[in-house]
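The values are calculated or read from the model by the stated rules, or taken from the named source; none is laboratory data. Since the structure is predicted, the reported quantities are computational estimates derived from the model, not experimental observations. We place every Cβ from the backbone using ideal geometry, glycine too, and count neighbours over all the protein chains shown.
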Amino acid sequence: MAEREGTRGDDWDAARGDGHDRPPGPLERASAVPTTAELCAVNEGLLIAGLREQELATALEAERARLAAILASIGDAVAVVDRTGTPLRTNAAYAALAGGDGAPLALYGEDEQPLPPAAMPRARAARGETFSLEASLLQPDGTRRWVEANGQPLQGTGAEQGVVVIRDITAASLHRRLQDEFLATVSHQLQTPLTAARAALILLQAGAQDQLGPDERELLEVACHNIERLRVHIADLLAANQLDADALHVERAVLDVRGIIAPAVEGVLPLLRAKGQTLALDLPEPLPALGDPRWLEQALVNLLANAHRHTPTGTRITISGRTQATEVLLVVRDTGPGVPAAEQNTIFERFHGRGQAGGSGLGLAIVRAIVARHAGRVWVESTDGAGAAFHLTLPRPQTPDTAGGTA
């Protein structure tokens with residue numbers, strides 16, 4: 001009997017394989033049940049994981065509350081949009097401006113026509129653009145407000161999102177428009193009587209110079225000096241007004257730069273004489289360039305007037321010109337105190353040095369704008385106490401020689 005039972009066991013193993021697939025025995029079934037210690041460990045791990053998730057949720061909620069508080073405190077309208085342009089988060093200022101949290105803004109361009117849908121700030125932010133634009137917003141009462149919209153993509157969010165910030169610039173825009181209108185009105189109203197007064201003084205100098213005594217001649221020189229100063233200032237105001245209106249247009253044609261130097265010098269010569277300053281020309285060759293003679297003359301007048309104002313009595317001013325491979329170089333050099341190194345990068349900014357030496361702070365800014373519209377360059381080279389040299393370049397006309405890069 002025992003032998004037969006053993007045979008059946010062997011047959012079982014042979015039929016089922018190596019014995020690992022047979023049903024577990026009573027001892028094996030007992031060992032598969034987790035112990036109390038194991039259950040405690042698992043429970044503790046789950047509890048710790050739950051606490052961590054709760055901490056993360058609390059931190060996330062606190063971060064959201066902090067972000068909401070920051071957005072609420074911002075006076076500008078802010079909207080975070082997804083890749084479709086749908087607002088994910090806005091602040092109270094945006095809701096007030098748009099008439100609702102997710103309401104679209106109906107913006108208008110300078111032509112008072114609605115901006116195309118693709119040009120709207122939310123659409124551009126959704127495309128990941130970085131932009132800045134000015135537009136107007138029509139209010140329910142029919143009034144129009146001007147806004148500045150800036151947008152850029154949000155980095156590090158893990159999703160394609162963009163942010164739009166919209167600022168109300170109505171007051172600043174109105175102030176700027178009133179300032180432009182004032183400058184245009186004043187400069188135009190002054191220009192006509194000033195031209196007549198200048199012509200009368202020139203005739204008086206030419207026809208009655210010998211009949212005047214020393215005191216009268218001195219008064220006449222002072223009057224001519226101040227007339228020329230006013231003429232330069234009014235020209236700057238007119239040019240600044242055109243720059244603000246983006247209406248400073250140049251009509252470039254082939255010219256010899258030497259042809260604009262004579263009328264420019266004539267405009268500032270009374271100023272130089274009144275200060276005992278001498279003017280020298282170093283123009284040994286033709287200076288063919290592409291330019292608008294009217295605007296280039298004003299740029300040169302401003303450079304000469306700047307040299308006159310900022311150099312002492314009896315100093316020397318030199319105008320020199322040379323042709324280079326693809327451009328013409330004009331240099332106005334003086335022997336005054338020079339330009340400090342710290343100011344050489346900002347001297348062409350508007351209102352730099354306003355009020356100093358009787359200047360308006362517009363002259364060199366206008367020079368830079370005029371030269372930029374001629375596709376040229378302007379810069380200053382100076383050493384303290386050794387004078388200043390203002391360099392101005394203009395492109396040369398395209399010829400077979402200049403196209404090949406030869407002088």
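Determine which single condition residue 112 fails, assuming it passes every other condition in (1) at negative phi; (2) loosely packed, with under 14 Cβ neighbours inside 10 Å; (3) in contact (Cβ under 8 Å) with a residue 24 or more places away in the chain.
Every listed condition holds for residue 112 apart from (1).
Need at least 1 residues that are assigned by TED's automatic domain parsing to the domain that holds residue 387 and under 17 Å from residue 371 (Cα atoms) per element, so show me which strands (runs of 3 or more DSSP E) inside the range 256-355 make the cut, counting only ones lying wholly within it.
So the answer is 288-291, 316-323, 327-334.
Given the criterion surrounded by fewer than 20 Cβ atoms within 10 Å (Cβ to Cβ), closer than 24 Å to residue 283 by Cβ, small (Gly, Ala, Ser) and at pLDDT 90 or above, identify the matching residue among 407, 375, 307, 386.
Selected residue: 375, the only one of 407, 375, 307, 386 that is surrounded by fewer than 20 Cβ atoms within 10 Å (Cβ to Cβ), closer than 24 Å to residue 283 by Cβ, small (Gly, Ala, Ser) and at pLDDT 90 or above.
Considering 201, 178, 212, which residue is touching a helix residue (DSSP H, G or I) at 6+ places or on another chain (Cβ under 6 Å), under 30 Å from residue 227 (Cβ atoms) and either outside the structural domain of residue 94 (by TED's automatic domain parsing) or not acidic (Asp, Glu) (or both)?
Details: 178 fails: touching a helix residue (DSSP H, G or I) at 6+ places or on another chain (Cβ under 6 Å); 212 fails: touching a helix residue (DSSP H, G or I) at 6+ places or on another chain (Cβ under 6 Å).
Unique residue meeting the criteria: 201.
Would it be correct to say that residue 135 is more than 30 Å from residue 266 (Cβ to Cβ), modelled with pLDDT of 85 or more and not in a loop (DSSP other than H, G, I, E, B)?
yes
Conditions tested, residue by residue: (1) farther than 21 Å from residue 229 by Cα; (2) touching a strand residue (DSSP E or B) at 6+ places or on another chain (Cβ under 7 Å).
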{"residue": "268", "(1), (2)": "no, no"}
{"residue": "273", "(1), (2)": "no, no"}
{"residue": "285", "(1), (2)": "yes, yes"}
{"residue": "289", "(1), (2)": "yes, yes"}
{"residue": "292", "(1), (2)": "yes, no"}
{"residue": "301", "(1), (2)": "no, no"}
